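Read the structure below first, then the notes.
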């Protein structure tokens, strides 16, 4: 039997029964009332609607195993039913069966306008048959008044399988391999003694002048390393830069103060400053209390620094590391006492405030570049060079790509398909 | 609203004013509110992590009899790693905590490496590669600025070449774009902070004092 | 041993994630799920560390009668109260019919959250509104071309995103009003700048992650 | 404590007493009074400008007080303003309009009460819209307090439009799956199976016995995703995983701090649209013709922005005039 769907069979049966009744009624009424409009009761009405509003099924159906996945998914796609335009399609139903003869059960539905569905409940290795049906209906209070369905042919069988490589991600694979290879190459090149050029960074160039200014004025330098602990790369970078600043200060015999908010940072900072003093041959000029712990608490730390600034009026202030909301309070006070301020952070939300309130700001990556430049650590230098390689590739790709695209040749899809 | 509801609102109002009082000066009320904040937030996250992570992801898994034995054993590895984390409290066996730490660092590194490379590098480069001279004047100008701004901005963050000549000019244009970006962030940050304060004022005037509807 | 095994763990876990991105076939697709669960459990233990540390510091402060020690008492009391109610409600909810969660509206834990935690944290962040104003008046200066650009962009965005901007420029045709300028700034130069920053950060992240996975970067393991 | 401070505290307590128990409520200033207040505030700023030009900066506490006043007063004013609508807000609205009734929409609530002033108005407006247009909403949260915020948003929507309450049924029209720990890993696993991440909903009803979720096994069965986010995990994670890996259309509502960083995703069409901060919420309320909290707040917000801009201008005028003198 062709109508293997019980539901459909009953609809057909009812349709036949009711439409014959309808014809009978029509005949009687026309013979009694002449050519007047037929009078049809509400309940009977729906079945004529069902026939009249039966939508054509969608066309051009394709059923495929979902590529590049772990199996268990089959993708069904179609072109919209010709009846979609005249509003006869409200939904598409995806019907599925393990055998060609059925029974077909609903595997899923989509709203109109959608042209694909992924059946995620397809067991691996089992062949499935699919039909896609356009559905038209009317609803009242969430209940169906009537439903009418146009079914497509049967497609299949299709088995879902697990793949060993996600082909859709080939471009990403090639990209990451090239980038990683470049980074590794440059790291090992740096380790084997190759030296790399790093461009001037404005904030770092100015360190000498800023320290000199403090010396001239006979006032102290303050170095604020942010409020994160040593596990933050920004704090690590800040410590490297502190070493440089402290060396200049020691050379000029200018006092440098480092108030910190973490005990571990205090230990490291003390080491950096002590080393700087002994490097220039003035180990005796270093005092333990130059690096001191204030408090772990964010606003408490800010308030304490505020007080220090107002009392001691430093000539130069460095704010380099991980900063949060306290950045504003510190930078404002530093500004109000007329100090030269050099800031640096990779915290995107604080950067605008630093730029607006400080004389020089190391922006994001510049902070890390500065620390690589100052520490000359091969792994940092190599990474920086590797990243630059990546940037160069992207820059060239943008130039070539924009030209090609402007002439109508697609290029961006090699990076990412949208 | 019962007694606890009313009491809650008065308590919340007192704490709100306590924090705001810092604007006048650092005082005992602010310090007390801050201490409560530290204690409450530590306790809050402690409880939440217990129920959401430890209970759901471990206890419920290992006591679930609907899954295979292997699936029941797997979560124990996580548990053991977690306990090793506590070894940090002791000086002697503190090195054991490096194992779970290594796990966490490795997992985030592996995941983020791909996620960021795909979404923030490849996808963003792809969407910068657009035909520039298409559409009306406004679109052409906008597209041109987006391409040029991204290009010059990247050049500013290019460290292994001296910023001289055309390269230096591009990098200068790049920093201009970055500055406009920071200006936009500045404006939005102000908007955000003000909204929060508006929310608190709404609470004080509305829920607490009942001055506004 | 103290260093080799952690480095090996990092390598294996990191590589597993990388492989899982490209190879959907089992067993790689399972690894991700297992690792994610372990991650959650380890994070739960990690918070014990922070909590124990907080209690240790506070107790020392109290017993040594350091300045401000009464505030440490407050820290411990508030911690104990919320933890007590969290567990009390949690276990009560587990055996109740119908069962409920410790943080459902109406529980005492939720009461503490709504009436203590929320006002405190919201007001803490709201304080910044005042500090921004003060810094605007006293510190944000158009000291050079870059800072001028920044402040101008901020003006356009701040005024253009609220009705004030259009009121101020109501004498201009609609497409030249401040709100339109704000749109343009957000969608064109801001997009370009953010994108440059994004690409830069992504490359930095790849190189850091690579160093970590390959064991070249071991600073997270600490010294010794 | 000094004597002055004791007096100040006493006065404050007295003020609270009067405001709470004596003054008739609600307080509302008429249009004329509002305008006079605004003009007075303007005069204060003129005075500040003159003082600053003379080199006498006003104190920090005065600035704080002024900001406090200009944030509070608008609450009592009744001025209607024409809220500007940005294209990214409009595209959220357009995308929602394109969804036919019955579409399944995932709403992820990734924020907590402290950021609620910015995000809650959007969430309420979204819920009103979705229920009004017959969208089926599946709620979840990557932040523990998110699902609770969603619940509050639904209650506010019902309160504002009682007709919705009769129409909307839990389990058929919306479902709240609750919170799941694991940040971006949750999204990652939802790409494979929702059920694995959310075995039951907030009320412990098993996943399979919720009618709305019958044909929902992962992202491929959804039509749209709306994400309300206050940080990490949030919009960036949804874009990176749900959009880039699983091709789900996502729109977002963000706190203003986050919003500028999300714009590149808009231009690259990784994100359908964006509601940014309070102004985004107000614009969305305007488009959906359902004014709510954001529309009320926008007046205070306007005052606040204006005050900041005026402060920057005054500060800079003083800075440049002093620079000239020094030359």
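The values are calculated or read from the model by the stated rules, or taken from the named source; none is laboratory data. Note that the structure is a prediction, hence the values are computed from the model and not measured. Note that we place each Cβ from the backbone using ideal geometry, even for glycine, and neighbour counts take in every protein chain shown.
Filtering the range C:181-194 to residues that are more than 7 Å from every other protein chain (Cβ to nearest Cβ) and either in contact (Cβ under 8 Å) with a residue 24 or more places away in the chain or in contact with a strand residue (DSSP E or B) (Cβ under 7 Å, 6 or more places away or on another chain) (or both) leaves C:181, C:182.
Mind checking which residues of the range A:329-365 are within 7 Å of another protein chain (Cβ to nearest Cβ) and at pLDDT below 90? Across the range A:329-365, the qualifying residues are A:329, A:336, A:348, A:349, A:364, A:365. Of the residues making up the range D:61-115, those that are under 30 Å from residue D:216 (Cα atoms), without any contact (Cβ under 8 Å) to a residue 12 or more places away in the chain and in contact with a helix residue (DSSP H, G or I) (Cβ under 6 Å, 6 or more places away or on another chain) number 0.
Within the range D:131-181, count every residue that is in a strand (DSSP E or B) and in contact (Cβ under 8 Å) with a residue 12 or more places away in the chain. Of the residues in the range D:131-181, 12 are in a strand (DSSP E or B) and in contact (Cβ under 8 Å) with a residue 12 or more places away in the chain. Please specify each residue of the range A:350-387 satisfying the condition of being farther than 26 Å from residue A:189 by Cβ, free of Cβ contacts under 8 Å to residues at least 24 places away in the same chain and outside any helix (DSSP H, G or I). Correct list: A:363 only. Just one of (1) surrounded by fewer than 21 Cβ atoms within 10 Å (Cβ to Cβ); (2) modelled with pLDDT of 90 or more; (3) part of a loop (DSSP other than H, G, I, E, B) fails for residue D:212. It is (3). How many of the residues in the range A:388-402 are in contact (Cβ under 8 Å) with a residue 60 or more places away in the chain and facing chain B (nearest Cβ under 8 Å)? Final tally of qualifying residues: 1. Just to be sure, is residue C:159 assigned to a helix (DSSP H, G or I) and buried (at least 23 other Cβ atoms within 10 Å of the Cβ)? Taking the combined requirement at face value, the residue satisfies it. The one condition from (1) part of a helix (DSSP H, G or I); (2) within 7 Å of another protein chain (Cβ to nearest Cβ); (3) under 18 Å from residue B:8 (Cβ atoms) that residue C:74 does not meet is (3).
Flag: residue D:221 matches the condition of being more than 30 Å from residue A:349 (Cα to Cα) and touching a residue at least 60 places away in the same chain (Cβ under 8 Å).
Listed here are the residues, each with its yes/no results for (1) more than 14 Å from residue B:47 (Cα to Cα); (2) out of contact with any helix residue (DSSP H, G or I) (no Cβ under 9 Å at 6 or more places or on another chain); (3) within 7 Å of another protein chain (Cβ to nearest Cβ); (4) free of Cβ contacts under 8 Å to residues at least 40 places away in the same chain.
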| residue | (1), (2), (3), (4) |
| --- | --- |
| C:80 | no, no, no, yes |
| C:85 | no, no, no, yes |
| C:96 | yes, yes, no, yes |
| C:100 | yes, no, no, yes |
| C:104 | no, no, no, yes |
| C:111 | yes, no, yes, yes |
| C:116 | yes, no, yes, yes |
| C:119 | yes, no, yes, yes |
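Checking B:146, B:155, B:180 one by one, the residue that is without any contact (Cβ under 8 Å) to a residue 12 or more places away in the chain and either within 8 Å of chain C (Cβ to nearest Cβ) or assigned to a helix (DSSP H, G or I) (or both) is B:180 and no other. Just one of the listed residues (D:233, D:206) is within 24 Å of residue B:113 (Cα to Cα), surrounded by fewer than 22 Cβ atoms within 10 Å (Cβ to Cβ), in contact with a strand residue (DSSP E or B) (Cβ under 7 Å, 6 or more places away or on another chain) and at pLDDT below 90, namely D:233.
Would the range A:302-311 turn up any residue that is surrounded by fewer than 24 Cβ atoms within 10 Å (Cβ to Cβ) and assigned to a loop (DSSP other than H, G, I, E, B)? Among the residues of the range A:302-311, not one is surrounded by fewer than 24 Cβ atoms within 10 Å (Cβ to Cβ) and assigned to a loop (DSSP other than H, G, I, E, B), which makes the answer no. Going by the structure shown, is residue A:162 under 23 Å from residue D:218 (Cα atoms), within 14 Å of chain D (Cβ to nearest Cβ) and in contact with a strand residue (DSSP E or B) (Cβ under 7 Å, 6 or more places away or on another chain)? So residue A:162 passes the test. Select from the range D:178-190 the residues that are at pLDDT 85 or above and under 17 Å from residue D:243 (Cβ atoms) and write down the one among them that is surrounded by the fewest Cβ atoms within 10 Å (Cβ to Cβ). Applying the filter and picking the extreme gives D:186. In the range A:400-417 there is no residue matching the filter, namely being under 25 Å from residue B:185 (Cβ atoms) and assigned by TED's automatic domain parsing to the domain that holds residue A:186.
Is it fair to say residue C:60 is farther than 30 Å from residue D:152 by Cα, at pLDDT 90 or above and either in a helix (DSSP H, G or I) or in contact with a strand residue (DSSP E or B) (Cβ under 7 Å, 6 or more places away or on another chain) (or both)? Yes. Of the residues making up the range A:159-190, those that are in a helix (DSSP H, G or I) and closer than 11 Å to residue C:24 by Cβ number 3. Selection of the range D:77-113 for residues being within 14 Å of chain C (Cβ to nearest Cβ), crowded, with 22+ Cβ neighbours inside 10 Å and part of a helix (DSSP H, G or I) yields D:88, D:89.
Scanning the range D:262-296 for residues that are out of contact with any helix residue (DSSP H, G or I) (no Cβ under 6 Å at 6 or more places or on another chain) and within 22 Å of residue C:189 (Cα to Cα) returns D:269, D:279.
Within the range A:198-217, not a single residue is on the phi > 0 side of the Ramachandran plot, surrounded by fewer than 23 Cβ atoms within 10 Å (Cβ to Cβ) and out of contact with any helix residue (DSSP H, G or I) (no Cβ under 8 Å at 6 or more places or on another chain). Among the residues of the range C:126-143, just one is facing chain B (nearest Cβ under 10 Å) and either in a loop (DSSP other than H, G, I, E, B) or surrounded by fewer than 20 Cβ atoms within 10 Å (Cβ to Cβ) (or both), namely C:140. From the list C:213, C:197, exactly one residue is assigned to a helix (DSSP H, G or I), touching a residue at least 60 places away in the same chain (Cβ under 8 Å) and at the interface with chain B (Cβ under 8 Å from one of its Cβ atoms). Which is it? One residue alone meets the criteria, C:213.
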